[in-house]
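Notes to accompany the following structure.
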Amino acid sequence: MSVEKGKRAVTAFEELEVFQRAYKLSLEVHRRSLGFPPIEQYALADQIRRASKSICANLAEGYAKQGHSKAEFRRFILMSIGSSDEMRVWSRYCLDLGYVDAPTWRRWRDEYQQISRMLQGLHRSQRRKP
């Protein structure tokens, strides 16, 4: 059970660069959301914490299932892409509601866009495998 990374096989989901980037960003999002107003703690703040973490969780779960089904891994990658793109929308809400500043929003937007591209590449690479 491995995914190719350059010339060496990845043997754990934690080794995937896309997982590492998504995890690091989800920690930042989580910490930042804790400072949102109390009225948002069970709404927007909770939503962005769940969406950002689901990118990582779906990669981990899909990676674990690839031994039984490559199609399952691809399906979980697609869910991760959806969560990453969803975070671009929630990030915009955070900006427009004044919970994050423009530089933070741009960094989040750009990083989630890059994570989505990386996930799309991972998905394409898995389609080529039997």
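The values are calculated or read from the model by the stated rules, or taken from the named source; none is laboratory data. Remember, it's a predicted structure, so these values are computed and weren't measured experimentally. Cβ placement follows ideal geometry from the backbone for every residue including glycine, while neighbour counts extend to all protein chains displayed.
Does segment 67-77 contain any residue that is under 14 Å from the mean Cα position of the chain (by Cα), surrounded by fewer than 18 Cβ atoms within 10 Å (Cβ to Cβ), not in a loop (DSSP other than H, G, I, E, B) and not basic (Lys, Arg)? No - not one qualifying residue is present in segment 67-77. For segment 43-61, a residue qualifies if it is buried (at least 18 other Cβ atoms within 10 Å of the Cβ) and either farther than 17 Å from Leu16 by Cα or touching a Leu at 6+ places or on another chain (Cβ under 9 Å) (or both), and the qualifying residues are Leu44, Ala45, Ile48, Arg49, Ala51, Ser52, Ile55, Asn58, Leu59.
Output yes when any residue across segment 92-104 is among the aromatic types (Phe, Trp, Tyr) and closer than 21 Å to Ala9 by Cα, and no when none is. No, segment 92-104 contains no residue that is among the aromatic types (Phe, Trp, Tyr) and closer than 21 Å to Ala9 by Cα.
Selection of segment 17-38 for residues being surrounded by fewer than 18 Cβ atoms within 10 Å (Cβ to Cβ) and either touching a Phe, Trp or Tyr at 6+ places or on another chain (Cβ under 9 Å) or modelled with pLDDT under 95 (or both) yields Glu28, Arg32, Gly35, Pro37. For beta carbons closer than 8 Å, sequence separation of 6+ or different chains, a first residue in segment 91-117 that is surrounded by fewer than 12 Cβ atoms within 10 Å (Cβ to Cβ) and a second that is not hydroxyl-bearing (Ser, Thr, Tyr) and not in a helix (DSSP H, G or I), there are no qualifying pairs.
Which residues, taken from segment 78-89, are touching a residue at least 40 places away in the same chain (Cβ under 8 Å) and buried (at least 22 other Cβ atoms within 10 Å of the Cβ)?
Answer for segment 78-89, where residues must be touching a residue at least 40 places away in the same chain (Cβ under 8 Å) and buried (at least 22 other Cβ atoms within 10 Å of the Cβ): Ser80, Ser84, Met87.
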